[in-house]
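Undergrad: First the structure, then my questions, so here it is.
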Amino acid sequence: MKRIAVVTTGGDAPGMNAAIRGVARIASSKKFQVLGFRRGWEGLITNTFTRLTPRSVGGILHLGGTILHTSRCSEFEKKEGIKKAAETLSSNHIDGLVVIGGNGSFKGALELSAFTDTMIVGIPASIDNDVFGTEETIGFDTAANTAVAEIDKIRDTAVSHERVFMIEVMGRERGFLALEIGLTVGAEIILIPEVKYRNENLYETIRENMAKGKKSGLIVAAEGIGDTRLLAEEIQQNTEAEVRLSIIGYAQRGGDPTARSRLLASLFAHKAIQLLSHKEGGRIVGLQDGRIGSVKLQKSCDTKKMLDANLLRLANLLAT
Ligand code: F6P
């Protein structure tokens, strides 16, 4: 192993920079050269990169976003684009590629692996936490903490005005983030794409809570459940509650990574370089039963990560 490349693709996540730093420093300690490709897959298609050295990745550990930039690259969805990326890897004599990203990034990595001999290792980084093979992705903890801090502020208005607030958090397809946030802010109702809900049941829960003496309330909804604005209006029309909607949005994807996101990024980077040094490509690193391990890239792409039903049950129990 002489030369490795690193790329951040898909949605940015706080801690990606910590992972880049980890990859560059650990790889350099093994005398590997490290190239950082820019703007995700686009950089591999256009052969746009920068040399990463232990010094050039200084001062980024605590920063959100990604110094390499990222993109959602439509050209990489076509065979020609993937082939061009593979050619870049071979023309630059890249022995190993580290892909830092989420589900979509790993699907892209798997497709790329069919056209290249370069070993590929994935580091899961996504605020959605929906990657199979790891209990936690880089950035999830930061995004959850950002939303919790915001909702704690919103609660002040909810309590003062005796209102019900519906708070939309990120999660287009999965509810990991909404569930963790909902449980940790003490939401009365958590709505996630994985669990179908009936409006009538929501009205009933709110009416019951009011009858119990709860004068305000929090509903945490993942963006993937549908039109939260409409739902908030319907709840207001069908209950005695005064309902407001607050959408947290992209603030959850940025900001300084928490200590936990930085730690995970550093541990994952270490494991990724270890795998490449042992010539074990085609895998993603992850947290498994609290330890750092890895699974096959193919398996991660083929398997849907399951939501912890116990967590949902606990959240409901705590909301009584
Ligand atoms: O990073 C994951 C995610 O935040 C989803 O929860 C969200 O729906 C999506 O990215 C939106 O990202 P973009 O606007 O970059 O496509």
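The values are calculated or read from the model by the stated rules, or taken from the named source; none is laboratory data. What you are looking at is a predicted structure, and each value in this text was computed from that prediction instead of being measured. No Cβ is skipped: glycine too gets one built from the backbone with ideal geometry, and neighbour counts run over all protein chains shown. Ligands, DNA and RNA are excluded from the accessible area calculation, which covers all protein heavy atoms including side chains. Shrake-Rupley method; radii C 1.70, N 1.55, O 1.52, S 1.80 Å.
Undergrad: Given N residues in the range 3-61, what is Rg(Cα) / (2.2 N^0.38 Å)?
TA: Computed over Cα atoms of the range 3-61, the ratio equals 1.06.
Undergrad: Any chance you could give the angle, 0 to 90 degrees and rounded to 10, that helix 79-91 forms with the longest Cα principal axis of the chain?
TA: 50 degrees
Undergrad: Follow-up. Short version: ³J(HN,Hα) in whole Hz for each residue of the range 193-202, in order, from phi by Karplus 6.51 cos²θ - 1.76 cosθ + 1.60 (θ = phi - 60°), x for Gly and Pro, what are they?
TA: For the range 193-202, the Karplus-derived couplings read x, 6, 10, 5, 10, 10, 3, 4, 5, 5 Hz, x marking Gly and Pro.
Undergrad: If you take the alpha carbon radius of gyration of the range 1-151 and divide it by 2.2 N^0.38 Å, what ratio comes out, to two decimals?
TA: Relative to the rule-of-thumb radius for its length, the range 1-151 sits at 1.00.
Undergrad: Another question about this same structure. So, R0 is 35 Å and r is the distance between the beta-carbons of residue 47 and residue 306; what FRET efficiency does that work out to, to 0.05?
TA: Plugging the Cβ-Cβ distance into 1/(1 + (r/R0)^6) gives 0.35.
Undergrad: Quantify, in whole percent, the carbon and sulfur part of the accessible surface of the chain (1.4 Å probe; protein heavy atoms only).
TA: 49 percent
Undergrad: Now a separate question. What accessible area per residue comes out for the range 204-297, rounded to a whole number of Å², with a 1.4 Å probe?
TA: Computed with neighbouring chains in place, this is 51 Å² per residue.
Undergrad: Of 239, 225, 300, which is farthest along the charge dipole of the range 174-320 in the positive direction, counting Lys and Arg as +1 and Asp and Glu as -1 at C-beta?
TA: The residue sitting farthest along the positive end of the dipole is 300.
Undergrad: Roughly how much of residue 210 is accessible, in Å² to the nearest 10, using a 1.4 Å probe?
TA: 70 Å²
Undergrad: Further question on the same structure: Set Lys and Arg Cβ to +1 and Asp and Glu Cβ to -1, take the dipole of the chain about its Cα centre, and tell me which of 281, 9, 126 lies farthest positive.
TA: With unit charges placed on the Cβ atoms, the residue in question is 281.
Undergrad: Could you work out how far helix 103-113 tilts from the main Cα principal axis of the chain, as a 0 to 90 degree angle to the nearest 10?
TA: On a 0 to 90 degree scale, this one is about 20.
Undergrad: Starting from the Cα of residue 153, draw a straight line to each of the lysines and keep only those under 22 Å, dropping any in the same chain fewer than 8 residues away.
TA: 214, 215
Undergrad: Taking the Cα centre of the chain as origin, work out the dipole magnitude from +1 charges on Lys and Arg Cβ and -1 charges on Asp and Glu Cβ, in debye rounded to 20.
TA: Once rounded to the nearest 20, the dipole reads 1540 debye.
Undergrad: If I take all pairs of Cα atoms in the range 184-311, what percentage of them are more than 16 Å from each other?
TA: Above the 16 Å cut-off, the range 184-311 has 74 percent of its Cα pairs.
Undergrad: What angle do you read, to the nearest 10 degrees and between 0 and 90, between the alpha-carbon axis of helix 309-318 and the longest principal axis of the chain?
TA: With both axes taken from Cα atoms, the answer is about 30 degrees.
Undergrad: Kindly flag which residue pairs out of 2/83; 83/107; 31/279; 31/79 have an alpha-carbon separation exceeding 24 Å in this structure.
TA: Exceeds cut-off: 31/79.
Undergrad: Next up: Which value, to two decimals, describes the C-alpha radius of gyration of the chain once divided by 2.2 N^0.38 Å?
TA: Against the empirical 2.2 N^0.38 Å value, I get 1.09 for the chain.
Undergrad: Can I ask one more? If you count, for each residue, the other Cβ atoms within 10 Å and average over each peptide, how do 213-223, 266-276 line up from highest to lowest?
TA: Going from most to least packed, we get 266-276, 213-223.
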